[in-house]
Amino acid sequence: MGSPGLVAQRRQQVARAWALERGAVLVASGLPVPIAGTDQYHDFHAHPEFRYLAGIAEPASVLTFDPGEGWRLFVRFPDPDDRIWTGDGPEPASLEVHAGLAPQPIEELAPWLEARRTEPLALLGNDDLRHRPAGYHLPSIDRFEAVFDDGLKARLSWQVAEARRSKDPAELDAMRRAATASVAGHLHALRSIRPGLTERLVQVEIEAEFFRHGGDRTAYGSIIGSGPNGAILHFTPTRRTLAAGELVLIDAGAEVDGYASDVTRTFPAGPRFEGIQRDIYRLVYDVQRAAIAAARPGVEYRDLHLAACHRIAAGLVDLGILRGDPTGLVERDAHALFFPHGLGHLLGLATHDAGGCLQGRTPSDRFGLKWLRADLPLQPGYVVTIEPGIYFISAILRDPQRRAAYRDAVDWERVDALHGFGGIRIEDDVLITETGSEVLTAALPAEIEAIESLRSEAFAR
Ligand code: GLY
Ligand code: MN
């Protein structure tokens, strides 16, 4: 939930940026999404634009702005049947405390809209209001179709994304709490996971610890890959059993008050890193620490990414996996055979938060840049992830065209011998401050010695 003064400030700042002279804006929270073929619903997520500007997360609710009258908040209050099945819901007074606006019943939205029938209307938030108007107690939306202005919507939505980049104190408080819950979960995993557990049970352990430490839910589907599965960037945990001698990659984060944390650690299923695991881990760790040390206001995130690519290329040359000059290898995207994703992304009300690329900048279609989700100069208050990785991904490394294109740049025999290695990613959440950065997840160690010390606790019992 929001802090009313700060939420009102967000609305003021956004309205100033919009500089609307006429027309009106609706920001819809969204409706619960039914699971087809059942009488159940998916877990409800309020649209981040609504949550940011309204400070609450109620379904079927709409925040409106009209330059003549300012902001209004229309909320769907529970009907008598809802009260039987799902309870009374939050009191209007409590919604007002969090939103800094007195909520009106959603039934009053229809006449509000009717009064603006000829105005240009921008629909932000969830556009299900256009497709499922009855859920918002709107009898029909057809007569407004002519005045929905998608160009205006795109401009206004972009300005909300810009406002959302720099986090205010209430947002940072939620993000710190999310980071604390995530750190607790990862520490618990490091201290307790042993070979013989399944990926699914690892998920149960870490997520339970998130919830015990204040997490409301997971910020995204937990990614847990053991052994070769660590090479699948967004791997969904399975019944596969962890084996001694292999690595486990856990990319999982708690969400608090709608704000995400996003944390990855990779560690041995047994007590210690072995052989090449240790070398590659050290390389990823050094790359991550260098990127965090360089993160400060004014620095272009893309430059951090490219510097990380260069370090990865140089490290892989030292390990005899790549061949050639690191600068030339990065120019050819050879590093991306092993590090195909971007260095990270903005974090906030979404895990891959809004506004990650400046307007007008779109990710390049180059293999080494197309998954770069942040391309902008860092500013105080931004929270970004820094998450380099090195993977042995079959879909890339067994592709005959890539093998031909990089015949000279890769020691393919060595790479083939590492088939099944999986991958190593290390990810922390970093707040950009006035002078540098603060790692919100710093309480979770990443250096080899600290990881092995935590792992030894799992085997001491
Ligand atoms: N945590 C998943 C991702 O950043 O894509
Ligand atoms: Mn991430």
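Loop-resident GluC sites (Glu not before Pro) (DSSP state other than H, G, I, E or B) in region 421-452 with no more than 10 further Cβ atoms inside 10 Å of their Cβ: E434.
For region 219-284, the solvent-accessible area works out to 31 Å² per residue, with a probe of 1.4 Å and every protein chain left in place.
Each of the peptides 311-319, 107-115 was scored by the mean count of other Cβ atoms within 10 Å over its residues; in descending order, highest first, they stand as 311-319, 107-115.
Take region 293-363 with all the other protein chains still there, run a 1.4 Å probe, and you get 36 Å² of accessible area per residue. Residues in region 374-385 carry Karplus couplings, in order, of 9, 8, 6, x, 5, 9, x, x, 6, 10, 10, 8 Hz; the curve used is 6.51 cos²θ - 1.76 cosθ + 1.60 with θ = phi - 60°, and Gly or Pro positions show x. Which of the listed residues, L322, V384, A354, is farthest toward the dipole's positive end in region 312-403, when Lys, Arg count +1 and Asp, Glu count -1 at the beta-carbon? Toward the positive end, the furthest listed residue is L322. Taken along the Cα-to-beta-carbon direction at a fixed 7 Å, the label points for D149 and R16 span 2.2 nm. Residue by residue, region 157-170 carries 3J(HN,Hα) couplings of 5, 4, 5, 5, 4, 5, 5, 6, 5, 8, 7, 8, x, 5 Hz when phi is fed to the Karplus relation 6.51 cos²θ - 1.76 cosθ + 1.60 (θ = phi - 60°); x denotes Gly or Pro. Loop-located trypsin sites (Lys or Arg not before Pro) in region 165-246 (DSSP state other than H, G, I, E, B) with a sparse environment of at most 11 neighbouring Cβ atoms within 10 Å: R239. Applying a DSSP loop filter and a limit of 10 other Cβ atoms within 10 Å to the GluC sites (Glu not before Pro) in region 239-313 leaves nothing. In this entry, region 1-128 is assigned a mean projected area of 8.4 nm², taken as a quarter of its C-alpha convex hull surface. For the chain, compute Rg over Rh where Rg is the Cα radius of gyration and Rh is the Kirkwood radius from the inverse mean 1/r over Cα pairs. That ratio is 1.02, to two decimals. Roughly speaking, what is the centre-to-centre gap between region 258-312 and region 77-123 when only Cα atoms are used, to the nearest Å? When both Cα centres are located, 45 Å separates them. Distant-in-sequence amide contacts of I386, defined by a placed amide H-H separation under 5 Å and a gap of 5 or more residues or a different chain, comprise D428, V430.
Relative to the globular-protein estimate of 2.2 N^0.38 Å, the Cα radius of gyration of region 335-420 stands at 1.33. About its Cα centre, region 360-461 has a charge dipole of approximately 580 debye under the convention of +1 per Lys or Arg Cβ and -1 per Asp or Glu Cβ, with nothing else charged. Taking amide H as placed 1.01 Å from N in the peptide plane, A374 has its amide H under 5 Å from the amide H of G344, each at least 5 places away in sequence or on another chain. Average accessible surface for region 1-129: 47 Å² per residue, computed with a 1.4 Å probe over protein heavy atoms with every protein chain in place. Once backbone amide H atoms are built at 1.01 Å from N, G245 has A269, G270 as its partners under 5 Å, excluding neighbours fewer than 5 places away on the same chain.
When a 1.4 Å probe is rolled over the protein heavy atoms, the share of accessible surface on the chain that falls to carbon and sulfur comes to 51 percent.
Beta bridges from DSSP with both residues in the chain: antiparallel share about 80 percent, rounded to the nearest 5. Rounded to two decimals, the Cα-based Rg/Rh of region 158-225, with Kirkwood Rh, is 1.12. Phi angles of region 17-28 translate, via the Karplus equation with coefficients 6.51, -1.76, 1.60 and θ = phi - 60°, into HN-Hα couplings of 5, 5, 6, 7, 9, 9, x, 8, 10, 10, 10, 8 Hz per residue; Gly and Pro are given as x.
Label-to-label distance for S453 and E413 is 4.2 nm, based on points extended 7 Å past Cα in the beta-carbon direction. The relative contact order of the chain comes to 14 percent, based on Cα pairs under 8 Å that sit 6 or more residues apart.
Measure nothing fancy, just the Cα-based angle from helix 301-318's long axis to the longest principal axis of the chain, in degrees from 0 to 90, nearest 10. That works out to roughly 20 degrees.
The values are calculated or read from the model by the stated rules, or taken from the named source; none is laboratory data. Predicted model, so just to flag it, every value in this text is computed and none were measured. Methodologically, a virtual Cβ is constructed for each residue, glycine included, from the backbone with ideal geometry; neighbour enumeration extends over all protein chains shown. Accessible surface areas use protein heavy atoms only, side chains included; no ligands, DNA or RNA. Shrake-Rupley method; radii C 1.70, N 1.55, O 1.52, S 1.80 Å.
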